[in-house]
Amino acid sequence: MPGLPIDAAIQQSASAKKRQLRAKLAAQPPNGIRSAFREVEKIYLSRNPPPDYSSVIDLHSSQSRPGVNVHQCQPDFRGSITQESIDCGISPSCEIFTLLDHPGLFIIPRAISPRDQRGLIKNCLRKTTKKPNVNNLDTHYVLPDKGLWYHYEQSRQSANHKDIMVQTVAGTNSHRIVEDKSACSRKLITDPAVTIETPIDVLKATKEAPVPSDSVKPEPAADLFYKLRWTNLGLMYHWTSKSYKLEEVFDRGPQTIIPVPADLASLALIVLSAVPPELIPPNEDWSNFRPESGIVNFYQLKNTLMGHVDQSELVENKPLVSLSFGHSAVFLIGGTTRDDKPTAIYLHSGDALIMSGSCRRAYHGVPRVVKNTLPNYLCDMDQWSEDDRADASIEDRNDWHIFSDYLRTTRINVNIRQVFPEGYLDDLGLTNDRKSAI
Ligand code: OGA
Ligand code: MN
């Protein structure tokens, strides 16, 4: 999972800001020379003047590029997911792209059909953004039980609907703030290098709760929804220490892990199955990939995701599957150090991306969401093509306008990971119902 986004929507506490500044300074070499990753990142972060996008690889255009190879997709439905009702898949006619400079990276443009994209977007907004999943707003706001999206929909359904005001944690629970402030003054957590070999007591250690900001104000639910930046799927991630909350698995058993939603888990497996076996990195076996954790990122047009490596998962030789919806973004993929110059690639709505092999722990980031790139089939229905209209679900006809309104400024990214190596939980004696729980 990544570090905090550059322009996090929620104000952080002073100590969190200091911590971030210190981390930023530490990331810069003492002689002031910026890393190759940062140099490229800066190009696409620029607002004035806007960036020159001409060297961004666009796999939706037929223009051929040196170092970009294309292969035929072979999607397959796995035995392991036949019990789930799979209501979305990927087209067998898709093409898969690989990049000579980034072995282990796979991109499947237009993997997901417009209709399936709409269905998945609806589920992401309606289901993944509410409890028991945790999101970036939970620390600071007392979120409604029905979830913020429910209230967003209500407020858009009728003009005279009075939206609820979402109260702040600081305003409703001053006692907790005082306690948390003292907790905060304790020494900073340094990122633990969590590996399979890490002693069990480290894995079991309780992670400090993030500190609610005392400067945020109550807000109407529909407005607050635009400040949602991420929501956690499956095994919970602890952002401050950049590690998974394994202590809960130890305390209460693996059956307490919330499963990754079935539609996203199935789709991740289908995406992986599309890669021809001969292209899979030699020391990896994707056939038994388990989607154990994930994150849904919500980007407004100004939001970005700084260069980072996803290295908190205990297993290193399993791929990461990433799906993009809504506005297009510039995705930077680099190497194993910040000194490797990254390649800029567009990720458009419906694209699937896989990071595996040496690319699994490569630096990457999203320095730009590109305005005016929302596909017509995600806009209001009057902008759809004849084909899209004919293909629309009954539900789409009724309520898509609410979703399209939110998407006018939004990009959504879902990424799905396996955390534990095969048999890891069994070896720790955590065997109860593992298969049904994860
Ligand atoms: C992440 C990530 C990329 C994207 O969440 O770790 O790298 O395309 N997301 O948004
Ligand atoms: Mn990432």
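Evaluated at q = 0.22 Å⁻¹, a Debye calculation over the C-alpha positions of the range 219-345 (equal weights, vacuum) places log10 I(q)/I(0) at -1.59. Dividing the mean sequence gap of close Cα pairs (under 8 Å, 6+ apart) by how many residues the range 300-356 holds gives a relative contact order of 38 percent. By its C-alpha gyration tensor, with a ≥ b ≥ c as the square roots of the eigenvalues, how is the range 280-438 shaped: rounded for a/c under 1.5, else prolate for a/b larger than b/c, else oblate? In terms of gyration-tensor shape, oblate.
Each reported figure results from applying straightforward, stated rules to the coordinates on display, with no laboratory input. Note that the coordinates shown come from a computational prediction; the quantities given were computed from them, not determined experimentally.
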